[in-house]
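Have a look at the structure below, then the notes.
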Amino acid sequence: MSFDAVNNNGQGCAPEGQGMATASGKDKLQFTFRDNEGNAGSGTVTLASDGVLLSLKASKVVKADCTKFYREGIRLQRMKK
């Protein structure tokens, strides 16, 4: 599993993270992560009808301004063709 995040204006923390994921039921992945700022935690990706629901929880915070990206219920919609 890998991810990155950035503010719309390109300023501030822009975490890039990765970790190992495992299947948890039919439509869910659970994973742990560590980002490029030293933050770490766990998360889930759950399949939804229009995309996925992402939840990230930081358990180790090194750079606090990155934690705004680590929250529950982030809805990511599929791109239209």
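The values are calculated or read from the model by the stated rules, or taken from the named source; none is laboratory data. Computed from a prediction, not measured in an experiment: that's the story for all the values here. All Cβ positions, even for glycine, are placed from backbone atoms using ideal geometry, and neighbour counts span all protein chains on display.
I'm trying to understand the selection: among the residues of the stretch 4-28, which are closer than 14 Å to residue 68 by Cα and part of a strand (DSSP E or B)?
4, 16
When the residues of the stretch 47-69 are filtered to those that are more than 22 Å from residue 23 (Cβ to Cβ) and of a type outside the set (A, V, I, L, M), which remaining residue is surrounded by the fewest Cβ atoms within 10 Å (Cβ to Cβ)?
Selected residue: 60.
Quick one: what pairs do we get from the stretch 52-81, first residue modelled with pLDDT under 95 and part of a helix (DSSP H, G or I), second acidic (Asp, Glu) and surrounded by 12 or more Cβ atoms within 10 Å (Cβ to Cβ), C-beta under 7 Å, 6+ apart or different chains?
Sorted first by the residue in the stretch 52-81, then by its partner, the pairs are 66/35; 66/37.
Consider residue 31 against the criteria (1) in a loop (DSSP other than H, G, I, E, B); (2) farther than 15 Å from residue 6 by Cα; (3) within 10 Å of the chain's Cα centre (by Cα): it satisfies all of them except one. Which criterion is unmet?
(1)
Tell me whether the stretch 11-26 contains one or more residues that are of a type in the set (S, T, N, Q) and without any contact (Cβ under 8 Å) to a residue 12 or more places away in the chain.
The answer is yes, given that some residue of the stretch 11-26 is of a type in the set (S, T, N, Q) and without any contact (Cβ under 8 Å) to a residue 12 or more places away in the chain.
Here's a check for you: in the stretch 27-46, which residue that is over 12 Å from residue 17 (Cβ atoms) and hydrophobic (A, V, I, L, M, F, W, C) is surrounded by the most Cβ atoms within 10 Å (Cβ to Cβ)?
Result: 45.
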